[in-house]
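What follows is a single structure, written as structure tokens, with notes after it.
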Amino acid sequence: MRRIPAWIAVGLVVGCQAADEGTAETPATWGIGRAATAADIATLDLDVAPSGAGLPPGSGDAVRGAALYQAQCATCHGVNGEGIAPNPPLVGREPREGFPFGNDPKLVRTIGNYWPEATTLFDYIRRTMPLTAPGSLSDPDVYSVTAHLLVANEILPAGATLDSASLAAIRMPARDRFVRDNRQGGREVR
Amino acid sequence: MIGSTSSNVVNELDRDGFRMACAGCTICDRTQLSMTAEVHTVADSGVEPGHAQPAGAISRREAIEGMAGTLGVALVATIPVASAAQAGVSPVAASAPGRLMGAPTSALGVRSAFAPPAPRTPTGQLVGSSLTPLHSLSGTLTPSDLHFERHHAGVPAIDPATHRLVIHGLVDRPLTLSVDDLKRFPQVTRIHFVECSGNGRAAWVSPAPDMTPQRTDGLTSNSEWTGVPLATLFREAGARREATWFLAEGADACLMTRSVPMEKALDDALVVWGQNGEALRPEQGFPLRLLLPGWEGNANVKWLRRLELGTAPWMTRWETSKYTDPLRDGTARIFSFVMDAKSIITTPAVPARLADRGWHAVSGVAWSGRGRITRVEVSADSGSTWHDADLGPALPKAHTRFSMMWNWTGEPAVLLSRATDETGYVQPTRQALMDARGAGTDYHNNAIRGWRVDADGGIAFHWET
């Protein structure tokens, strides 16, 4: 908090609503901007959390998803999700044991062997893919393509359907492999 | 042999054969490396003063009174060339020694035609990058049009009149702010580097002797940024005590999103609109970007349109699939935001070659995401001995220029630099980094790197092992 004036730090840490009365020079609010309306927020707020918060209603299935994939994704990511450089592969479960990515630079990190959360897949496809027409898929389409990719990665069984509850319940193989940053400066190299 | 650029002329060799400073000489100036080099050449190595001068410079030199040494020669040598390139200058005026009719004033300045910068290296893809030509820059500020680029869905052209930043989530007063609104808040101006966490990765994965500093480390740039502290905006919105993370979202086609801990907002995060005295460049997020000083570039979300406060990270694709660091123990480090201390010698470096034996300024940049650079050491013998380089202004979380004089004897040499930051962290060797993390970790690569100088003056990229 070195460079932040004390009034800001106190306001945030203690809880702005009660503690921060402001002063004559720095009032509690500057009164700049306008209140964001529900509509302002709703048009932008697409994000999905690992808890499933933010997942829309509706559902999809892997069979429809496979057809959608072939029509809209395969030209870049390959018919079997193998990737066509520079577009990354989307399918791969190997290696199944040990999570040896730190030791072998040649291993390719994919949805099946590396992604910790399935909700990330829905969120990413909905916000970013297909690369040249992002936002063009309906929510049921995104559920369907997500289901297809999870089937292709052997995380869901063939023909699986997906909705907000079933998506949030998926445990990805790499779920427990991620650890928080323990670097902290000083002499030790980490 | 290594000398000091900050000292006056050196009369004595210290125990190691390195130069000690002496007092009382007024010729050398710490800001004029070329003069220092010239004086050292004359005084110490017995090489002729005119050794490195351009052919034909002497007669011009004689025509100028009051100028001596390398500085004078350098100035005069450029004059006849410049005059030839200027339109509308009479031959009489042009031939008068030291006089050059000038061009009229201009609305927008341009770089000298004689010193075009090395260009960036666009990949031509929507998901692409271009690298800062570190080897053709001096000082520490990166010209805005040479700031590196890394985009995940191209560069959007955003009209600032319609752009809005929305702050919502765990706040008492969700806010919609225009760019003009943001400029009404208390503002700050700071100098900070931005570095992509993939910087150094290409050289780590597939090193090649002909790699330039641009190729090995051009995913970092340093700018003066102007904007409003994020803490000010969060206070304005009434951030709630429960909020521990926020999500930052861009308005580019991929709607880039990254989760950031609230502590960074309380520390030094900014929402910026100004870069090096003017508006942000489109490639740097015009009209607004998040700036998280010292933290990996990707989290400094460009074209910023939304900030949402919450209680846990969102686990976006860019903080899970990408920008995580698999470790040798079968885990992967996530949210590894801070860029550790690093340095690179930018001259001499590929693509240059050493044409002459004798004194050369060895110079480069060092930076740390944890604060100030406190020391940069340079080795000319592949790391057997290290010598403190002189540091330019060392601002926290900013590129810091270092330099040192080196007397090249014509023998093969390996030039390396090693940075230390204010936490006492010392830039590690490639082996030390691999021992700590594993060979498969390629982001956040800050290992000691440098240049092999061959007997013929050829230079090649070199990793310290």
Mean per-residue count of partner chain Cβ within 10 Å for B:173-180 equals 5
In segment A:118-144, the residues losing 50 Å² or more of accessible area (1.4 Å probe, heavy atoms of protein chains only) relative to their chain alone are A:Thr120, A:Tyr124, A:Arg127, A:Leu131
Once the Cα atoms of helix A:62-72 and of chain A are each reduced to a long axis, what angle between those two axes, in degrees from 0 to 90 to the nearest 10, is obtained?
80
Could you sort the residues of segment A:40-65 by number and keep only those whose accessible area is reduced by 10 Å² or more in the all-protein-chain setting relative to the chain alone, 1.4 Å probe?
A:Asp40, A:Ile41, A:Leu44, A:Asp45, A:Leu46, A:Asp47, A:Val48, A:Ala49, A:Pro50
Tell me the label-point distance for the pair A:Ala133, A:Ala42, using the 7 Å Cα-to-Cβ offset, in nm and rounded to one decimal.
2.6
With a cap of 15 neighbouring Cβ atoms within 10 Å, and only residues DSSP puts in a loop, list the chymotrypsin sites (Phe, Trp or Tyr not before Pro) found in segment B:111-196.
B:Phe114
A/B buried area, accessible surface, summed, 1.4 Å probe, Å²:
6400
Checking segment A:76-153 for GluC sites (Glu not before Pro) in a loop per DSSP with at most 16 other beta-carbon atoms within 10 Å yields A:Glu82, A:Glu97
Between segment B:237-259 and segment B:424-465, how far is it from one alpha carbon centroid to the other, in angstrom?
35
Filter the trypsin sites (Lys or Arg not before Pro) in segment A:97-156 to those in DSSP coil with at most 13 other Cβ atoms within 10 Å of their Cβ, and list the result.
A:Lys106
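In whole percent, how big is the carbon plus sulfur part of the accessible area of segment A:59-177, probe 1.4 Å, protein atoms only?
55
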Per the 1.4 Å probe, what fraction of the accessible area of segment B:283-386, in percent, lies on carbon and sulfur atoms?
45
How much space per residue, in cubic angstrom, does the convex hull of the C-alpha atoms of segment A:59-177 take up?
97
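The values are calculated or read from the model by the stated rules, or taken from the named source; none is laboratory data. Everything numeric here is computed off the predicted structure, so don't read it as measured data. Don't worry about glycine lacking a Cβ; one is built from the backbone with ideal geometry, like all the others, and counts go over all protein chains shown. Please note that ligands, DNA and RNA were not included when accessible areas were found on the heavy atoms of the full protein model with its side chains. Shrake-Rupley method; radii C 1.70, N 1.55, O 1.52, S 1.80 Å.
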